[in-house]
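Comments concern the structure below.
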Amino acid sequence: MIRIKNLEKIYRGNGAETRALDGVSFEIGKGEFVAIMGPSGSGKSTLLHILGFLDKQTKGEYFFDGRKNTDYSKIELARLRNKKMGFVFQSFNLLPRATVLENVKLPLLYSEVLEKDWNKFAKQAVESVGLSHRLNHKPSQLSGGEGQRVAIARALVVGPEIVFADEPTGNLDSKSGQAIMELLVKINKSLGRTVVLITHDQGIARYAKRTILLRDGKIESDKKQ
């Protein structure tokens, strides 16, 4: 599904260069659960942005479904992000004035799903994360763990092939964090979704089947659990 080769990302500004990624190469197959781990500044978030078509590399190659990311048009990239990718972020990114159902429906606005089916798909996604009893609640009425579950439901509503989770437990207590990780394991095992997890926490990375350790923009290790 994903293949990157000698990937480099260099940020330039004020006459200086910062090399965020330095010759990174690996493959991720369909159905894998991979944790990309490393300390702050290791390049893991930069890598996630490239993998999720939110940014482009300076050098190297990135193949998604056998095609280079640089060969996709902007419209194609947007369509792939909406149809094949789901994103879960540390800060949840929920609309505060919208209900749980309304937040989960958002990706459907830009999808090929007919409007008459939006409620059905959104309710199914909310049910899959165990929050059917919170459909009409606002984010301020939810716990942190529930808010992240809503974010996961929103990521799942279009039936993506791959879910990118960027520090999904970073704002949660340990109990809520464990519940979120168990939910991601379920999404991987039961639904067959590929999951790419970004984390600095070794305990969280253990939920994955494989861990890629980044340090100073380079792969230090790539191990299966």
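A few notes on this one:
- Contour minus Cα-Cα distance for E112 and E220 (0.36 nm per residue): 34.8 nm
- Using a Förster distance of 25 Å, the FRET efficiency for A78-F26 (Cβ separation, nearest 0.05): 0.50
- Where K223, K68, K175 fall by accessible area, highest first, once all protein chains stay in place (1.4 Å): K175, K223, K68
- Sorting R19, R81 by accessible area puts them as R19, R81; the probe is 1.4 Å, largest comes first, and only protein heavy atoms count.
- Accessible surface for L135 stands near 40 Å², nearest 10, in the context of the full protein assembly shown (1.4 Å probe).
- 3J(HN,Hα) along the range 95-103: 6, x, 8, 9, 6, 4, 4, 5, 5 Hz, from the Karplus curve 6.51 cos²θ - 1.76 cosθ + 1.60 with θ = phi - 60°, whole Hz, x for Gly and Pro.
- Solvent-accessible surface (1.4 angstrom probe) belonging to K59, in square angstrom, nearest 10: 120
- Solvent-accessible area of K9 with every protein chain in place, 1.4 Å probe, in Å² to the nearest 10: 20
- Computed [θ] at 222 nm, deg cm²/dmol, the chain (DSSP H ≥ 4; -39,500 (n - 2.57); rounded to nearest 500): -9000 deg cm²/dmol
- Listed peptides 165-171, 215-221 by packing density, highest first (mean Cβ within 10 Å): 165-171, 215-221
- Distance in nm between pseudo-label sites at S40 and D201 (7 Å out along the Cβ direction from Cα): 1.6
- The chain: relative contact order as a whole-number percent, Cα under 8 Å and 6+ apart: 29
- In sequence order, calculated HN-Hα J values of the range 14-25 (Karplus, 6.51, -1.76, 1.60; Hz; x Gly/Pro): 6, x, 10, 10, 10, 8, 7, 10, 9, x, 8, 9
- For the chain, Kirkwood radius (reciprocal of mean inverse C-alpha pair distance, Å): 18.0
- For the range 46-159, the Stokes-Einstein estimate of translational diffusion at 37 °C and a viscosity of 0.692 mPa s comes to 217 µm²/s, using the Kirkwood hydrodynamic radius over alpha-carbon pairs.
- Spatially proximal aspartates and glutamates relative to K68 (Cα-Cα < 16 Å; intrachain offsets below 8 disregarded): E8, E27, D55, E76
- Evaluating kT/(6 pi eta Rh) at 37 °C and 0.692 mPa s, with the Kirkwood radius of the range 80-133 over Cα pairs in the Stokes-Einstein relation, gives 273 µm² s⁻¹.
- Long-range HN-HN contacts of A165 with modeled amide H, under 5 Å: V88, V196, L197, I198
- For the chain, built as a Gaussian network whose Cα springs stay under 10 Å, the top-fluctuating residue of H49, H200, H133: H133
The values are calculated or read from the model by the stated rules, or taken from the named source; none is laboratory data. Being a predicted model, the structure only gives us computed values, none of them experimental. Quick reminder, even Gly has a Cβ in these numbers, built from the backbone with ideal geometry, and neighbours come from all protein chains shown. Calculation scope for accessible area: heavy atoms of the full protein, side chains included, ligands and nucleic acids excluded. Shrake-Rupley method; radii C 1.70, N 1.55, O 1.52, S 1.80 Å.
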